[in-house]
Amino acid sequence: MNPPWQNKSATRGGKYRTVELYDLFKLDLPGMLGENGGKKALIAIWVTNRPKFRRFLKQKFMPDCHILGPYSEWYWVKITGSPTKTDHESVLSDGGKPLFDLESTSPRRCYEGLILGWYIPPSLRPNPTLDELPPKIFLSVPLGHSRKPNIIDLLEPHLPSDPSILELFSRSVSGLTSLERQSETNPGVPVMKGIWHSVGDESPKFMVSPWVEYLSSTNDDQSHSCDPK
């Protein structure tokens, strides 16, 4: 879940609609998840670095939605890409460095947080058993403004073998995407099966389609046939 938290940049630029804190309760996560087949569900929520938002999630929203702790906090550190060089081979920027100084007092940070906890269905609430979610730090190059990395590989050890994943406020990954993979040690043997549902006002925003790219690159005055497969 990646709520469009209120921030000056989004408000000033009108890039997307933001959400009021208590409007998140309108999602009705307990009603949406329900009994969940008598199983707990892993919940992961992206949050900005504003302490107000973190307190709201950990002290109000998550407990009231039966998402229990102790909560784990993961941090995504944004780093620079490959070294950039001029025509004379002089390096303009080093690769693999934090975008901003980690010790800077500037309000801009080179990291964002992810808070994780377990949703407990009604049948398990009297005596829930929770798996430990250790803290984690991971690094990657940002793909663009307000775009989060795909973290399925990091979540996978804490998921069942056939997870049904619901991504709220999605801005990429088409709905009903299969998660089936092949085992590296046993080729042809799937190691994970499941479905990824993406929901959001801008869920197709960063999707890439070869078919759409092909049409965009052709001359508007010409007529082409294209196999959507």
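Tabulated data
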{"item": "Residue that is nearest to the chain's Cα centre (by Cα), among those in the stretch 92-138 that are surrounded by 13 or more Cβ atoms within 10 Å (Cβ to Cβ) and free of Cβ contacts under 8 Å to residues at least 60 places away in the same chain", "result": "Cys110"}
{"item": "Some residue of the stretch 16-28 being assigned to a loop (DSSP other than H, G, I, E, B), under 28 Å from Pro134 (Cβ atoms), modelled with pLDDT of 75 or more and under 17 Å from the mean Cα position of the chain (by Cα)", "result": "no"}
{"item": "Near pairs, Cβ below 6 angstrom, 6+ apart or cross-chain, from the stretch 33-47 (farther than 16 Å from Ile151 by Cα) to any residue that is in a helix (DSSP H, G or I)", "result": "Gly38/Ser123; Ala41/Leu33"}
{"item": "Every residue from the stretch 59-92 that is of a type in the set (S, T, N, Q) and modelled with pLDDT of 95 or more", "result": "Gln59, Ser72"}
{"item": "Subset of the stretch 138-160 (residues that are outside any loop (DSSP other than H, G, I, E, B) and within 18 Å of Gly81 (Cα to Cα))", "result": "Phe138, Leu139, Ser140"}
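The values are calculated or read from the model by the stated rules, or taken from the named source; none is laboratory data. A quick note: this is a predicted structure, and the numbers were derived from the prediction, not measured. No Cβ is skipped: glycine too gets one built from the backbone with ideal geometry, and neighbour counts run over all protein chains shown.
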